[in-house]
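**Student:** Handing you this structure, nothing more for now.
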Amino acid sequence: MEWKIGFIGFGTVGQGFAEILLEKKEMLKEMFGINYKVVAISDMLKGSVYNPDGLDIKKVLEMVKEGKKLDEYPDGVKGLDALATIRETNSNLIVEVTYTDVKTGEPALTHVRTALQEGKNVISTNKGPPVKAVKDLMKLAEENNVFYGFEGVVLAGTPVFNLLEYCLAGNTIREVKGIVNGTTNYILTRMEEGMSYDDALRKAQELGYAEADPTGDVEGWDALGKIVILSNVIFDANLRWEDVPREGITNITLEDIKSAKDEGKRWKLIASAGLNEDGKFYAKVGPEKLPLSDPLAGVSDATNALTFITDELGSVTIVGPGAGRRETGFSLLIDLINLNRKMG
Ligand code: HSE
């Protein structure tokens, strides 16, 4: 099957994925038998363009880099909004990479739902829809015999959901615990070196780790969204974001960090969920002062890590990038390869 891709949103992550698609076109064909073309792009700020025979992605990327609107593309249909792009184009794979709103899930939730209902496959790094309705969306995909891939919503391209689906399958997972927000981990690392909170946040924004509104990172909303998704996928917990206690890092001072260091400890923003000692389910997000012997204490900069506590293997920790243009774009490539394996 040829994948006819429609991008909904064409910001940092969308462009990162488009670059990877372009650079790896031959490799994808040779190694995985994947044939694709990008037929449509619709972005709230950049406009839209649709050509059923395929767009020249190199040209589109150049145009966007020069600050041009997609409507300036030399041919094709212009002016289709997100829903029209989903419904009215010949795309069979929607890449949903608009901005995240953890609280309402919108507008991405409507985009993903509509695409699945239309019988189109979806791959997406947007946390909003799975925070609100991951199980419903997985069911909707199954009912419509299409694929919904969201590997990148936790730990970007570092494997999490594929790890669970394939490599950790057969284990009972008791708990999951980790550093799932790159921005806050970056800030805490810089603060330990003496940089002020404000400077460290600015730097994290410059490096492209932070959300469009960085409150989402520093107040723990991003981590909250991720632990809700993990809880609902792993433990079928039926959690809503309102159910999870949340605290960010804004109350941590340079003095707190220094005194932790003197004790041989380190502050980290930890998201965790699972069964506590009484066998009751819990989920939470908040700063924790970890001893340096804890593997999560050694994870610095924007790197993320997740520890799975399993019955057969004990603790399994995966460490890797959790944010970034190419790193998140790459998660969409994993989803595309998986889609092709399952539905191609
Ligand atoms: N703002 C997020 C972070 C991006 O800093 O981890 C990835 O979800």
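The values are calculated or read from the model by the stated rules, or taken from the named source; none is laboratory data. Values in this document were obtained by computation on a predicted structure and should not be read as measured data. Cβ atoms come from the backbone with ideal geometry, glycine included; neighbour counts cover every protein chain shown. With ligands, DNA and RNA removed, areas are computed over all heavy atoms of the protein, side chains included. Shrake-Rupley method; radii C 1.70, N 1.55, O 1.52, S 1.80 Å.
**Student:** Return the residues of the range 171-187 that are more than 8 Å from the ligand (Cβ to nearest atom), open to solvent by less than 10 Å² (accessible area, probe 1.4 Å) and hydrophobic (A, V, I, L, M, F, W, C); say none if nothing qualifies.
**Tutor:** VAL176, ILE179, ILE187
**Student:** Residue check, VAL60 against (1) part of a loop (DSSP other than H, G, I, E, B); (2) under 17 Å from LEU45 (Cβ atoms), all met but one. Which one?
**Tutor:** (1)
**Student:** Residues VAL131, VAL146: which one is more than 21 Å from LEU333 (Cα to Cα), outside the structural domain of ILE229 (by TED's automatic domain parsing) and among the β-branched types (Val, Ile, Thr)?
**Tutor:** Details: VAL146 fails: more than 21 Å from LEU333 (Cα to Cα).
Criteria check complete, one pass: VAL131.
**Student:** Return yes when LEU224 is in a loop (DSSP other than H, G, I, E, B), open to solvent by less than 10 Å² (accessible area, probe 1.4 Å) and touching a residue at least 24 places away in the same chain (Cβ under 8 Å) and no when it is not. Give the derivation first.
**Tutor:** Values: in a loop (DSSP other than H, G, I, E, B): no; open to solvent by less than 10 Å² (accessible area, probe 1.4 Å): yes; touching a residue at least 24 places away in the same chain (Cβ under 8 Å): yes.
Spelling it out, it is not the case that LEU224 is in a loop (DSSP other than H, G, I, E, B), open to solvent by less than 10 Å² (accessible area, probe 1.4 Å) and touching a residue at least 24 places away in the same chain (Cβ under 8 Å).
**Student:** Among the candidates ALA200, ALA204, single out the residue that is of a type in the set (Gly, Ala, Ser), touching a residue at least 12 places away in the same chain (Cβ under 8 Å) and more than 11 Å from the ligand (Cβ to nearest atom). Spell out how you get there, then give the answer.
**Tutor:** Numbers: ALA204 fails: more than 11 Å from the ligand (Cβ to nearest atom).
Going through ALA200, ALA204 in turn, just one is of a type in the set (Gly, Ala, Ser), touching a residue at least 12 places away in the same chain (Cβ under 8 Å) and more than 11 Å from the ligand (Cβ to nearest atom): ALA200.
**Student:** Specify which of the listed residues (THR253, THR215) is among the β-branched types (Val, Ile, Thr), more than 16 Å from the ligand (Cβ to nearest atom) and loosely packed, with under 15 Cβ neighbours inside 10 Å.
**Tutor:** Working: THR215 fails: more than 16 Å from the ligand (Cβ to nearest atom).
Checking each option against the conditions leaves just THR253.
**Student:** Now, a different point. Scanning the range 96-131 for residues that are touching a residue at least 40 places away in the same chain (Cβ under 8 Å) and surrounded by fewer than 19 Cβ atoms within 10 Å (Cβ to Cβ), which turns out farthest from the ligand (Cβ to nearest atom)?
**Tutor:** It comes out as LYS103.
**Student:** May I ask you to say which residue of LYS103, LYS78 is basic (Lys, Arg) and modelled with pLDDT of 95 or more? Let's see the steps before the verdict.
**Tutor:** Numbers: LYS103 fails: modelled with pLDDT of 95 or more.
Result: LYS78 is the single residue among LYS103, LYS78 that is basic (Lys, Arg) and modelled with pLDDT of 95 or more.
**Student:** Filter the range 190-209 for residues that are open to solvent by less than 20 Å² (accessible area, probe 1.4 Å) and closer than 22 Å to THR328 by Cα and give the result. Walk me through how you get there before you give the answer.
**Tutor:** Let us first name the residues in the range 190-209 that are open to solvent by less than 20 Å² (accessible area, probe 1.4 Å), namely 191, 200, 204.
Hits for the range 190-209 are ALA200, ALA204.
**Student:** Now for a different question. In the range 256-268, which residues are touching a residue at least 40 places away in the same chain (Cβ under 8 Å) and open to solvent by less than 50 Å² (accessible area, probe 1.4 Å)?
**Tutor:** The answer is ILE257, LYS268.
**Student:** Anything in the range 21-42 that is among the basic types (Lys, Arg) and open to solvent by less than 60 Å² (accessible area, probe 1.4 Å)? List them, or say none. Can you show your working first?
**Tutor:** Our first condition is that a residue be among the basic types (Lys, Arg); within the range 21-42, this holds for 24-25, 29, 37.
Of everything in the range 21-42, just one residue is among the basic types (Lys, Arg) and open to solvent by less than 60 Å² (accessible area, probe 1.4 Å), namely LYS37.
Quick grid of which residues meet (1) within 16 Å of the ligand (Cβ to nearest atom); (2) under 25 Å from PHE235 (Cβ atoms); (3) among the acidic types (Asp, Glu):
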{"site": "ALA271", "(1), (2), (3)": "yes, yes, no"}
{"site": "GLU277", "(1), (2), (3)": "no, yes, yes"}
{"site": "SER293", "(1), (2), (3)": "no, no, no"}
{"site": "SER315", "(1), (2), (3)": "no, yes, no"}
{"site": "GLY320", "(1), (2), (3)": "yes, yes, no"}
{"site": "PHE330", "(1), (2), (3)": "yes, no, no"}
{"site": "ASP335", "(1), (2), (3)": "yes, yes, yes"}
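**Student:** Those residues that are in a strand (DSSP E or B) and open to solvent by 30 Å² or more (accessible area, probe 1.4 Å), I need them from the range 72-95; list them, please.
**Tutor:** Keep residues of the range 72-95 that are in a strand (DSSP E or B), which gives 77-78, 93-95.
Listed by number, the residues that qualify are VAL77, LYS78.
**Student:** Test TYR50 against the criterion of being more than 24 Å from the chain's Cα centre (by Cα) and touching a residue at least 12 places away in the same chain (Cβ under 8 Å), and give yes or no.
**Tutor:** Values: more than 24 Å from the chain's Cα centre (by Cα): yes; touching a residue at least 12 places away in the same chain (Cβ under 8 Å): yes.
When the stated conditions are applied, TYR50 passes them.
**Student:** Checking VAL180 against (1) touching a residue at least 12 places away in the same chain (Cβ under 8 Å); (2) over 28 Å from GLY16 (Cβ atoms); (3) outside the structural domain of ILE8 (by TED's automatic domain parsing): exactly one of these is not met. Which one?
**Tutor:** (2)
**Student:** Right, here's the next one. Looking only at the range 160-170, which residues are open to solvent by less than 50 Å² (accessible area, probe 1.4 Å), away from the ligand (no atom under 14 Å from the Cβ) and assigned to a loop (DSSP other than H, G, I, E, B)?
**Tutor:** LEU168, the sole residue that qualifies.
**Student:** Does GLU151 fit the bill of being touching a His at 6+ places or on another chain (Cβ under 8 Å) and open to solvent by less than 10 Å² (accessible area, probe 1.4 Å)?
**Tutor:** On the way: touching a His at 6+ places or on another chain (Cβ under 8 Å): no; open to solvent by less than 10 Å² (accessible area, probe 1.4 Å): yes.
No.
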